[in-house]
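These notes concern the structure reproduced below.
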Amino acid sequence: MNLIDFLSDYTLQNVAMGAAILGVVSGVLGSFAVLRRQSLVGDALSHAALPGICLGFLVVGARELGAILTGALATGGLAALTILALTRLSRLKTDAAIGISLSVFFALGVVLLTVIQGRGGASQAGLETFLFGQAAAILRGDLWIMGAITLAALAAVMIFWKEFKLVTFDPVFAQTIGLPVTLLEIALTVMVALAVVVGLQMVGVVLMAAMVIAPAVAARQWTRRLEHMVILAALIGMASGITGALISATARGLATGPLIVLAASAIVVVSILFAPERGVLWEALARVRERRALRGRQVLDTLLQLTRTHADPSYPAEQGMLDTYHGHETRAALERLAARGFVNPARHMPGEGDHWVLTREGLAEAERLDAEISGANR
C-alpha cells in the first residue's frame, strides 16, 4: 500500500480525526483539572462513566453511541457532584472523596455490565470494548457527535474564560468579588466529564484518565501562562492522538487507545526532562552552574581577605593553601576566574607551588561582592 492509499483509508481517517478531537478537548479541559490539583478527578469520572454506558444501552436496547455517551455524561456528572458534595459537606479530603466515588460507580458499572452480558443476544456484543476502547469501530457519524461535544465544551471555556481562570488560581478572591465559585467549580468538574465522554470509544474507561492529565502536564513544563498552556496542551493532545492512530494503523494488531496514551506519556517524559527552566536536566545544569559560581565567589573572597590581611592588593596566594582552606581543589575555580580576567597566575619563590594574584578587575568584583554580603547581613 502506497502513502496515498494509506492516508485515504476510511478507517484510518476516522480514527485519526477522532484522536485529534479527543486530544484537543482533553488538553483544554485537563489543563484546568491539573492546575486545580484535581488530576485524579479524571480517573474517577472515567470509571464513573461505565454505569452510564450500561444504562444508555439498557434504555435504547442497542449499542447506539448517542444514548451511550449521554448516559456516560449523566453518571460522570453525578460522580463529579458526589466528589464536590463529599468534600464540601463532610470532613473528607479530596483524595478520599475521589476514591469513594470511583469505587462505587465503577462497581455499579461492572454489575450492570454483568447483567447485560448475562442476558445474551447479539445486541450487547462489543459493549465491553468501552473498557479499553475500540478506535477502529468509530464511524463518521460518531465523529459528528464527538465534535459537537468538543465544540460545546470549548465554547463554554471561551465564554467563561475569565471566571474559570480566576476560580482556578484564586477562588477566595473570586468569592469576595461575588462570583458563584461553587457553580463555576461544578461546571469545570462536569466539563472534565465531557472530555471523558469524548474519549470513551477511543481509549476506553480505564485509560481515559491519562488523556486528561498527560497533555496538560506536558504543556505545564513549557509555559507559565494559562493561555499558552491551554493551547499547547491541545496541540500535544492532538499530536499524541494522531501519532497513536498512525502507529496502530502501520503495526497491525496493536490497540489504538494504549498507543495514544503511550505517545502522550512519551511527550510528558521529554517535557519533564528537557523543558527550559522546569526540566530535570535544565535544573541539574543550573545547580552545577550555581555551584561553580559559588565556589568562584568563595575563592575570590578568600583572595580579597588575604590582600587586606597583608595590606597588599597584589599579594600572591598559593594554590595549595587555598585548596587546604576550602577543603577541595580550587584550580578549576581559579581558571574560570582567570578566564573572566579576575585573577592571574603569579611567579613567587622558586620551588613553591602555583600562586595567583587578583587583577584590578578582580579586586573591584571581590569588593563589590563583599559589600553585597555585608549589606545583606545587616
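The values are calculated or read from the model by the stated rules, or taken from the named source; none is laboratory data. Source: prediction; values computed, not measured. A quick note on method: Cβ atoms are made from the backbone with ideal geometry, for glycine too, and the neighbour counts reach across all protein chains shown.
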| field | Positions within the range 311-327 being surrounded by 13 or more Cβ atoms within 10 Å (Cβ to Cβ) and either polar (S, T, N, Q) or within 52 Å of the chain's Cα centre (by Cα) (or both), in sequence order | value | SER314, ALA317, GLU318, GLN319, GLY320, MET321, LEU322, ASP323, TYR325, HIS326
| Do you know which residues across the range 34-50 are under 17 Å from GLY199 (Cβ atoms) and either touching a Pro at 6+ places or on another chain (Cβ under 6 Å) or not hydroxyl-bearing (Ser, Thr, Tyr) (or both)? | VAL34, LEU40, VAL41, GLY42, ASP43, ALA44, LEU45, HIS47, ALA48, ALA49, LEU50
| ARG278 being under 41 Å from the mean Cα position of the chain (by Cα), within 30 Å of ALA219 (Cβ to Cβ) and in contact (Cβ under 8 Å) with a residue 24 or more places away in the chain | yes
| query | So, in the range 9-57, of the ones that are farther than 23 Å from ALA263 by Cβ and part of a loop (DSSP other than H, G, I, E, B), which residue ends up modelled with the highest pLDDT? | reply | ARG36
| query | Mind checking which pairs have a first residue in the range 152-175 that is within 13 Å of LEU226 (Cα to Cα) and a second that is small (Gly, Ala, Ser) and assigned to a helix (DSSP H, G or I), Cβ under 6 Å, 6 or more apart or different chains? | reply | LEU166/ALA174; VAL167/ALA174
| said: Whether any residue in the range 75-86 is at pLDDT 85 or above, out of contact with any Lys or Arg (no Cβ under 8 Å at 6 or more places or on another chain), over 25 Å from ALA152 (Cα atoms) and assigned to a helix (DSSP H, G or I) is what I want to check. | reply: yes
| Condition test on GLY109, is it within 17 Å of ARG63 (Cα to Cα) and part of a helix (DSSP H, G or I)? | yes
| Would a scan of the range 156-170 turn up a residue that is more than 21 Å from the chain's Cα centre (by Cα), among the charged types (D, E, K, R) and part of a helix (DSSP H, G or I)? | yes
| field | Per-region count, the range 324-373, residues over 15 Å from LEU300 (Cβ atoms) and either modelled with pLDDT under 85 or in a loop (DSSP other than H, G, I, E, B) (or both) | value | 12
| said: Criterion first (farther than 23 Å from VAL157 by Cα and among the basic types (Lys, Arg)) does ARG37 satisfy it? | reply: no
| remark: Expected single match for touching a residue at least 40 places away in the same chain (Cβ under 8 Å) and of a type in the set (Gly, Ala, Ser) among ALA317, ALA311, ALA293, ALA266 is ALA317
